[in-house]
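See structure below.
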Amino acid sequence: MYVVQIASECAPVAKVGGLADVVYGLSRELSIRGHNVEIILPKYDCMRYDHIWGLHVAYENLCVPWYDGAIYCTVFYGWVHGQQCFFIEPHSGDNFFNRGHFYGGLDDHMRFAFFSKAALEFLQQSGKRPDVIHCHDWQTGLVPVMLFEMYKYHGLWDQRICYTVHNFKHQGITGADVLWATGLNNEGYYFNYDRLRDNFNPFALNLMKGGIVYANAVTTVSPHHAWEAHHTDISCGLGHTLHRHQDKFQGILNGIDYSIWNPDSDKNIPVQYSWDSIQDKQKNKKALRQRLLLDDSDPNKPIVAYIGRLDDQKGVHLVHHAMYYALERGAQFVLLGSATENSINSWFWWEKGHLNDNPNCHIELGFNAELAHLIYAGSDMMVVPSNYEPCGLTQLISLKYGTVPIVRGVGGLVSTVFDRDHDQHRSTKERNGYVFYQTDNNALESAMDRALGLYYVYPEEFKQLQIQGMQSDYSWSSPGDDYEELYNFVRV
């Protein structure tokens, strides 16, 4: 099967969030299975070019109609850790992708509308005819629209589209300018509730809604999050659209790349280990304490960690409470994360200064990939108290590293972490962590109490829980099966 992924991110060359990991991880899994997979990306000036091998010009003078004229592009080709990638570079005064950042421009809707059109023009003009085009999030929501309304009449008539929503919060709300820029033009036609008109703003278009309406299949990144999006307000206003298109909507759980996240082969940690040598995890714990200057007088003292963004989605108020509650219960706490809002950033910089001399706490504001590996390997527990979490990678990585997750029961968290004490749908041997459901401090404390209590009082049972987590399989193998089946279904 010939699959083309069109996306705004791909790890590790252009990574902001989990979208990048999915695009790379799924592409790699499909390639391993023998499928021909190509990825089309914008050629950002801020990409990690050191992760691209053999970058060269593959197609010159790609003419992309834009408003009443055209913008010419150069398309580059290179290998990103074994995956074939094309990078589109427009030559325009708009300077779409030479901004020093991936997102955040006031004209983001136009930048990615252009990228979506350029990607389809590249397929058309180069003679590429994939069986399936897989596009992601609002940035490529116009791809299914333009394919059905325009490009099927210009050679791309047999292509099928899978559209994956990674985060319903960001939907690409815009005005009619994208219609005139891309050549869709007909405002009366597209400002229709059955097409692109936003469900709540009659004067706006919704690019994510367009992707859902026009795609052959729509997925989100976990089965439980699909249920939440369909039946709760987590869809941020798209619930009615999902209901109208429920026959083609499903959740497929993300995987993680065990070639990167595997303590048995991880070169970023001092001592490799697996479930049958979990005692060596203690050596990474000691190394983590030494690196962060934590007290090492009691090697059995537990380390509770948090890795991730500091924002409302991630339950930042509970992250803060978890830090102080862990210290109160005699544990150490390590935080690695960056804030998305100035107020939250200031809040945690104050906490960092306040706790700077505490030998049992370390706050690292920012992101350091190497340190993240060591924290996963050296910690005993990981708190993931998200308000909502479409899939989540932190808990999946934690399980692989024998770091017991303590999660809130939402989205992909409840699809992957099964409470040791209360899960009635899993056997005792399948349970791998702790789950709480409310958003208050008492709910978090209850779950942390149970985890810390097991660690302190029944250390062998805690070790068994770690092993059960490490034996879980959240690789791309099972999602790969699901996507293969979906691709074959839409091709019929």
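Data overview
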read-out: Test for residue 403: is it within 25 Å of residue 19 (Cβ to Cβ) and either modelled with pLDDT under 95 or polar (S, T, N, Q) (or both); value: yes
read-out: When residues of the stretch 296-352 are limited to those that are within 19 Å of residue 459 (Cα to Cα) and touching a Ser or Thr at 6+ places or on another chain (Cβ under 6 Å), the one surrounded by the most Cβ atoms within 10 Å (Cβ to Cβ); value: 305
read-out: Complete set of residues in the stretch 92-102 that are in contact (Cβ under 8 Å) with a residue 40 or more places away in the chain and not polar (S, T, N, Q); value: 96, 97, 99, 100, 101, 102
read-out: Filter pass, residue 89 being among the acidic types (Asp, Glu), outside any loop (DSSP other than H, G, I, E, B), without any contact (Cβ under 8 Å) to a residue 60 or more places away in the chain and surrounded by 13 or more Cβ atoms within 10 Å (Cβ to Cβ); value: yes
read-out: One residue from 129, 111, 99 being among the charged types (D, E, K, R), surrounded by 19 or more Cβ atoms within 10 Å (Cβ to Cβ) and under 25 Å from residue 57 (Cα atoms); value: 111
read-out: Single match in 486, 444, 452 (criterion: in contact with a helix residue (DSSP H, G or I) (Cβ under 6 Å, 6 or more places away or on another chain), in contact (Cβ under 8 Å) with a residue 12 or more places away in the chain and not small (Gly, Ala, Ser)); value: 444
read-out: Flag for residue 461 being more than 18 Å from the chain's Cα centre (by Cα), charged (D, E, K, R) and assigned by TED's automatic domain parsing to the domain that holds residue 311; value: yes
read-out: Criterion (closer than 26 Å to residue 298 by Cβ, crowded, with 21+ Cβ neighbours inside 10 Å, modelled with pLDDT of 95 or more and under 21 Å from the mean Cα position of the chain (by Cα)) met by exactly one of 375, 363; value: 375
read-out: Test: residue in the stretch 214-230 that is surrounded by fewer than 22 Cβ atoms within 10 Å (Cβ to Cβ) and β-branched (Val, Ile, Thr); value: no
read-out: In the stretch 425-455, the residues that are more than 28 Å from residue 235 (Cβ to Cβ) and not in a helix (DSSP H, G or I); value: 427, 431, 432
read-out: Yes/no for residue 462 being surrounded by 13 or more Cβ atoms within 10 Å (Cβ to Cβ), assigned to a helix (DSSP H, G or I) and in contact with a helix residue (DSSP H, G or I) (Cβ under 8 Å, 6 or more places away or on another chain); value: yes
read-out: In the stretch 1-59, the residues that are buried (at least 22 other Cβ atoms within 10 Å of the Cβ), in a helix (DSSP H, G or I) and of a type in the set (Asp, Glu); value: 21, 29
read-out: Any chance residue 351 is part of a helix (DSSP H, G or I), among the charged types (D, E, K, R), free of Cβ contacts under 8 Å to residues at least 60 places away in the same chain and touching a helix residue (DSSP H, G or I) at 6+ places or on another chain (Cβ under 9 Å); value: yes
read-out: Restricting the stretch 9-31 to residues that are among the small types (Gly, Ala, Ser) and within 12 Å of the chain's Cα centre (by Cα), the residue that is farthest from residue 390 (Cα to Cα); value: 11
read-out: Test: residue 412 is touching a His at 6+ places or on another chain (Cβ under 7 Å) and either on the phi < 0 side of the Ramachandran plot or modelled with pLDDT of 95 or more (or both); value: yes
read-out: Candidates 104, 155 - the one that is in a loop (DSSP other than H, G, I, E, B) and under 23 Å from residue 67 (Cβ atoms); value: 155
read-out: Failed condition for residue 93, given (1) more than 29 Å from residue 28 (Cα to Cα); (2) modelled with pLDDT of 95 or more; value: (2)
read-out: Filtered residues of the stretch 354-367 (kept if touching a helix residue (DSSP H, G or I) at 6+ places or on another chain (Cβ under 9 Å) and over 19 Å from residue 325 (Cα atoms)); value: 365
read-out: Residues of the stretch 138-164 that turn out to be farther than 16 Å from residue 114 by Cβ, buried (at least 24 other Cβ atoms within 10 Å of the Cβ) and in contact with a His (Cβ under 8 Å, 6 or more places away or on another chain), as a count; value: 3
read-out: Some residue of the stretch 131-141 being in the same structural domain as residue 215 (by TED's automatic domain parsing), free of Cβ contacts under 8 Å to residues at least 40 places away in the same chain and not hydroxyl-bearing (Ser, Thr, Tyr); value: no
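Matching residues to (1) aromatic (Phe, Trp, Tyr); (2) in contact (Cβ under 8 Å) with a residue 40 or more places away in the chain; (3) outside the structural domain of residue 20 (by TED's automatic domain parsing):
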position: 73; (1), (2), (3): no, yes, no
position: 77; (1), (2), (3): yes, no, no
position: 83; (1), (2), (3): no, yes, no
position: 104; (1), (2), (3): no, no, no
position: 107; (1), (2), (3): no, no, no
position: 110; (1), (2), (3): no, yes, no
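The values are calculated or read from the model by the stated rules, or taken from the named source; none is laboratory data. None of the values given here were measured: they were computed from a predicted structure. Cβ atoms come from the backbone with ideal geometry, glycine included; neighbour counts cover every protein chain shown.
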